[in-house]
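Below is one structure; the comments refer to it alone.
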Amino acid sequence: MGRIPDEDIARVRDATDLVALVSERVQLKQKGRLFWGCCPFHQEKTPSFKIDPATQLWHCFGCGLGGDAYGFVMRTEGLEFAETVRTLADRAHIEITEEGGGAPRGLKERIVAANEAAVAFYHDTLRRSPAPDVAKARDYLAARGFGSDVAVTWRLGYAPGHGALVRHLSSEGFTAEEIVSANLGLKGSGGLKDRFYERVMFPIFDLQGRAVAFGGRVLGNGEPKYLNTQETPVFHKSAQMFGIDRAKATITSSGTAIVVEGYTDVIALHGAGVTNAVATLGTALTREHLRLLSRFARRIVYLFDGDAAGLRAADRAAEFIDMDNTLEAGRGRVELFAAVVPDGHDPADLVAEKGAAALTALVDDATPLLRFVIDRRLERWDLELPEERTRALAEAAQVLAPIKHSLLADDYASYIAGRLFADVSVVKSVISGAKPMRAENAQDSAEPPRPVAPKADSPQTRVERDLLDLLVRIVRLRSRAQYLLDENLLTDATHVAIAREIAKAGSEVSAATLAGHLETALPGAAQTLSGATLGDIAENDAEAVERDMTRKLKVFDLERRIAAGKERLRRGGAQGDDLEYDELFRGVSALQRELEEYRRGVRDVG
């Protein structure tokens, strides 16, 4: 896809009312000029999430996140920036142009449209066809506890095969190329034929709820048991998950994602009220899946089936251990947990037999992935035998190799030493020399940038940010930005850059337009300004408020200069008779007098 021009980005932002957008997800209540609600990005009972209609910025004082409409959609929907622009453009009925990339997008849209048409066809077949094989499909779903209401909710279907879908799609105007590109049909000697036949169909939707693929379950003993859509321009099974479109809101609000192995597990869990469950698509969990989930969650719980296949998958989980699991990752840390469903069951069985509470308890009691994997390594060996303890130590050390330089590795070195009755220094030495296992599905692509954790505010930065927010909102005060720059009153580099843009903007643009321009020119500016805490200010009080805050910045500036001067005097030591020392002393004294005048209100800012 091509580049979206800045002009279109600005048009879409200007056409988007942030209050209306956020109201689709968050119940808002107006207090003064601001709107408040409970943050959709973390759980809270007291609203700390605000929207300023003037600047069209949002901010949560609980978790520190903030930004503009684009930032909100990117976080709630897990989209990249370009896709966010397209989403909001469609919402606002705005046509955008993309430089040098129209054709690929057109093909992708046709593939999605073909998938949507296939969803409708398969679903209608399941619900209405009197054919015996379709009746068997309905019986299969009913036996799993999935009645007609579930079929409608999840848009389940049945693929009759024998060219029925190809004929239907062709009648709907789809070309052979589009049908093949969507992997809904295959080319043969006799022409196109259906890829899926005589299978219960589970449609797979992307983050935006668009049909992009299918999983087909055979009835009876045929092979393969599940047949999935192959890779297409809109579907990559190692990066997409079943149920993510439905689960993302609960994952975001709860902070926890539950990963299971099957489509029916997801449907059963959602039906039981556990709506933060998703499944992989016939593959083991991949790093791409973790990257997707980490957009919404900071705690990911991987539930393994209790059968042999599930336990083999559990043994492969070590490949996800890296520095993202450690304390050194800071706010970007992804906490991975694991649990095995007891008694050889899968999650759907557990919910059916013991209810959602049993599943929730299993998730709550899940073991941190590191300990889970280490324990499974140690369980392979008879720890009563010295030779087997040595092999157990080597395997456990290999698990910790990717994080050998972290505090967490030190903690687990002590844990392993306790299990093996070994000296902790010996365990640390083995870990230090261990090499990481080669992950079977490791990806060569670089990690995408993670959101930067908000910096802790100082009194100075709070005043700077609040003052800049005031200058954005009050058009007639924007010229004061240049005064702040001339007097060097701003200490934060981002604030200095924002002030320069405000000074150039003048009075020609609205507050919302200026805020949008700042985010385009200085990515992250919306996050910075959204944290302002000024609240309501009467129009005729704006000048007084501005001068009071500028005076505070002048006081901060003088305090810094005085402290620096005193430090230079201290370093001068006993050289009190030195002319340079005397000059410095007089300078510091003059600054102190000036500071007192500002504090008493005797002196005003320029």
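Coordinate-derived values only; no laboratory data. Everything numeric here is computed off the predicted structure, so don't read it as measured data. Neighbour counts run over all protein chains shown; Cβ positions are idealised from the backbone, glycine included.
With R₀ set to 25 Å, the beta-carbon distance separating L584 from R547 gives a calculated FRET efficiency near 0.20. Listed values for the range 428-434 are Karplus-derived 3J(HN,Hα) couplings in whole Hz (6.51 cos²θ - 1.76 cosθ + 1.60, θ = phi - 60°), namely 4, 5, 5, 4, 4, x, 6, and x replaces Gly and Pro.
Between G506, A590, P203, the Cα set farthest toward the positive side of the dipole of the chain (charges on each charged residue's Cβ, about the Cα centre) is that of P203.
Among V166, V602, V363, a tally of other beta-carbon atoms within 10 Å of each Cβ gives an order, fewest to most, of V602, V363, V166.
For the chain, the dipole from Cβ point charges (+1 on Lys and Arg, -1 on Asp and Glu) about the Cα centre works out to 440 debye, to the nearest 20. Under 15 Å from a point 7 Å along the Cα-to-Cβ line of I94: which residues of the range 1-34 have their amide N that close? Residues 4-21 qualify, since their backbone N sits under 15 Å from the label point. Around the Cα centre of the range 459-600, unit charges on the Cβ atoms of Lys, Arg, Asp and Glu (plus for the first two, minus for the last two) sum to a dipole of about 140 debye.
Each helix, a run of at least 4 DSSP H residues, gives -39500 (n - 2.57); summed and divided by the residues of the chain, these come to -15500 deg cm²/dmol at 222 nm. Near the amide H of A338, within less than 5 Å, lie the amide hydrogens of Y302, T367, L369, all on another chain or at least 5 residues away, with H placed in the peptide plane.
The relative contact order of the chain comes to 11 percent, based on Cα pairs under 8 Å that sit 6 or more residues apart. Relative contact order of the range 459-600: 26 percent, from C-alpha pairs under 8 Å at least 6 residues apart in sequence. Dipole check for the range 6-91: with +1 at the C-beta of Lys and Arg, -1 at the C-beta of Asp and Glu, and the Cα centre as origin, the magnitude is about 580 Debye. Computing FRET efficiency as 1/(1 + (r/R0)^6) for K29 and E116, where r is the C-beta to C-beta distance and R0 is 41 Å, gives about 0.65. Between the beta carbons of E508 and R371, assuming R0 = 41 Å, the FRET efficiency works out to 0.10 to the nearest 0.05. Modelled this way, with points 7 Å down the Cα-to-C-beta line, the labels at S479 and A356 are 6.1 nm from one another. Full extension of the segment from T491 to D382, taken as 0.36 nm per residue of separation minus the current Cα-Cα distance, would add 33.1 nm.
Projecting the Cα positions of L303, T286, Q27 onto the charge dipole of the chain (unit charges on Cβ atoms of Lys, Arg, Asp and Glu, taken about the Cα centre) puts Q27 furthest along the positive direction. Distances between placed amide hydrogens fall under 5 Å for A257 paired with R299, I300, V301, all partners being 5 or more residues away or on another chain. Shown in residue order for the range 581-597 are the 3J(HN,Hα) couplings computed by the Karplus curve 6.51 cos²θ - 1.76 cosθ + 1.60 at θ = phi - 60°: 5, 5, 5, 5, 4, 5, x, 5, 4, 5, 5, 5, 5, 4, 4, 5, 5 Hz (x for Gly and Pro).
In terms of the mean number of neighbouring beta-carbon atoms within 10 Å, the peptides 23-36, 477-490 order highest first as 477-490, 23-36. Projected label points at V152 and A164, each 7 Å from Cα along the beta carbon direction, are separated by 2.1 nanometres.
Listed as lacking a disulfide-compatible partner in the chain: C38, C63, by the criterion of no other cysteine Cβ under 4.7 Å.
The order of E388, E508, going from fewest to most other C-beta atoms within 10 Å of their C-beta, is E508, E388.
Between the range 148-165 and the range 191-230, the alpha-carbon centres lie 10 Å apart.
Annotation: amide H of L219 within the under-5 Å range of V200, sequence separation 5 or more or interchain, hydrogens built in the peptide plane. As a length-normalised measure over Cα pairs under 8 Å and 6 or more apart, the relative contact order of the range 6-91 settles at 23 percent. By the count of other C-beta atoms within 10 Å, a proxy for reagent exposure, E594, E379 are ordered fewest to most as E379, E594. Axis angle, to the nearest 10 degrees, between helix 493-505 and the longest C-alpha principal axis of the chain: 80 degrees. Between L107 and Q592, the simple spin-label model (points 7 angstrom out along Cα→Cβ) gives 7.6 nm.
Toward the positive end of the charge dipole of the chain, with +1 on the Cβ of Lys and Arg and -1 on the Cβ of Asp and Glu, the farthest Cα among H236, A564, V340 is that of V340.
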